[in-house]
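Report on one structure; see the data block that follows.
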Amino acid sequence: MSDVVSDEALNAMAFAFVTESRSQSSVPSLAAALQAIIEPLGITAAASGFVSGPKAASGQPFHFTNWSEAWIKLYMESDFLLIDPLPRWARSSGRALTWSALINVLPVRDPGRVVVAAAAPFGYLEGMAIPMRGVDNALGLVAMGGARQSLRPAEQTFLTIVGRAAFEAAERIEQGPEPGQAAPILTAREIECLALLVRGHSDREMGAIMGVSEPTVRFHLLNARNKYSAASRTHLAALAVTQGYVTL
């Protein structure tokens with residue numbers, strides 16, 4: 001269960017999944033890998049797809065989903081898509097959010113509360129809503145849920161990282177990269193910082209090795225993180241390895 005998954009273990013799991021997702025060649029295999037890595041947190045269901053754009057309009061909006069068939073049947077028959085707060089949140093914000101935090105900002109009479117209440121008997125009590133953008137800039141969403149009462153900040157970060165990686169990998173598999181898309185261009189200092197980060201050095205240790213101050217190290221890492229649009233340092237390190245900037 002999640003209470004035995006340490007923050008350090010979550011970082012390692014996120015790094016491993018991001019790296020693995022880059023080499024996945026089929027969506028079912030990708031979905032299975034995601035399911036395997038989130039289950040130790042008590043998160044038993046995940047879906048990746050679109051809430052706007054051509055794919056959403058086609059009636060087949062998902063890259064993948066493993067929500068229970070009974071829940072999907074109820075969801076469709078009850079027209080919950082029209083009032084579900086998760087897609088509405090994705091349309092109004094680009095920020096990942098836990099279900100409980102989203103529920104807390106819903107008005108008391110918001111119809112989305114009906115969807116939340118209906119999901120509970122299926123074991124979907126808490127999870128993450130992660131807005132995304134597809135290769136055609138269509139609005140996407142990764143939703144993950146399970147029988148949890150709450151999620152620690154480290155667990156939220158972990159789910160956000162692996163959810164984003166799964167969405168991006170599914171897009172790559174289904175549509176391929178955008179023409180002319182190139183890896184970010186990093187400076188020599190940024191690459192040096194990343195190499196030390198991947199090897200587990202602290203900011204202080206990196207500064208001592210490189211002969212610069214800790215703020216300078218953080219400056220280089222922040223620049224690299226912004227270039228990659230990385231969700232965290234763990235995400236950044238994984239991307240640097242998969243892009244070939246750093247070798248293990």
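The values are calculated or read from the model by the stated rules, or taken from the named source; none is laboratory data. Not measured: the values here are computed from a predicted model. Positions of Cβ are backbone-derived with ideal geometry, glycine not excepted, and every protein chain shown enters the neighbour counts.
Screening Met144 against (1) in contact with a Ser or Thr (Cβ under 8 Å, 6 or more places away or on another chain); (2) in a strand (DSSP E or B); (3) of a type in the set (A, V, I, L, M, F, W, C) leaves a single unmet condition, (1).
Annotation for the range 186-198: at least one member residue is within 26 Å of Arg133 (Cα to Cα) and assigned to a loop (DSSP other than H, G, I, E, B).
In the range 29-65, which residue that is touching a Leu at 6+ places or on another chain (Cβ under 9 Å), modelled with pLDDT of 90 or more and of a type outside the set (Gly, Ala, Ser) is nearest to Gly123 (Cα to Cα)? Per the stated criteria, the residue is Ile43.
Note on the range 134-144: among residues that are over 20 Å from Leu102 (Cα atoms) and not small (Gly, Ala, Ser), the one that is modelled with the highest pLDDT is Asn137.
To keep it simple, each residue is scored yes or no on (1) in contact with an Asp or Glu (Cβ under 9 Å, 6 or more places away or on another chain); (2) among the small types (Gly, Ala, Ser).
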residue	(1), (2)
Asn137	no, no
Gly145	yes, yes
Arg152	yes, no
Ala208	no, yes
Gly211	no, yes
Thr216	no, no
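As a summary of the residue check, Thr65 satisfies the conditions (1) farther than 19 Å from Pro153 by Cα; (2) polar (S, T, N, Q); (3) buried (at least 16 other Cβ atoms within 10 Å of the Cβ) except for the one numbered (3).
Considering only residues in the range 114-139 that are part of a helix (DSSP H, G or I) and not small (Gly, Ala, Ser), the one that is farthest from Gln60 (Cα to Cα) turns out to be Pro121. When Ala56, Ala45, Ala36 are screened for being surrounded by fewer than 17 Cβ atoms within 10 Å (Cβ to Cβ), out of contact with any Asp or Glu (no Cβ under 8 Å at 6 or more places or on another chain) and among the small types (Gly, Ala, Ser), only Ala36 passes.
The set of residues in the range 198-248 that are charged (D, E, K, R) and more than 19 Å from Glu8 (Cβ to Cβ) comprises Glu214, Arg218, Arg225, Lys227.
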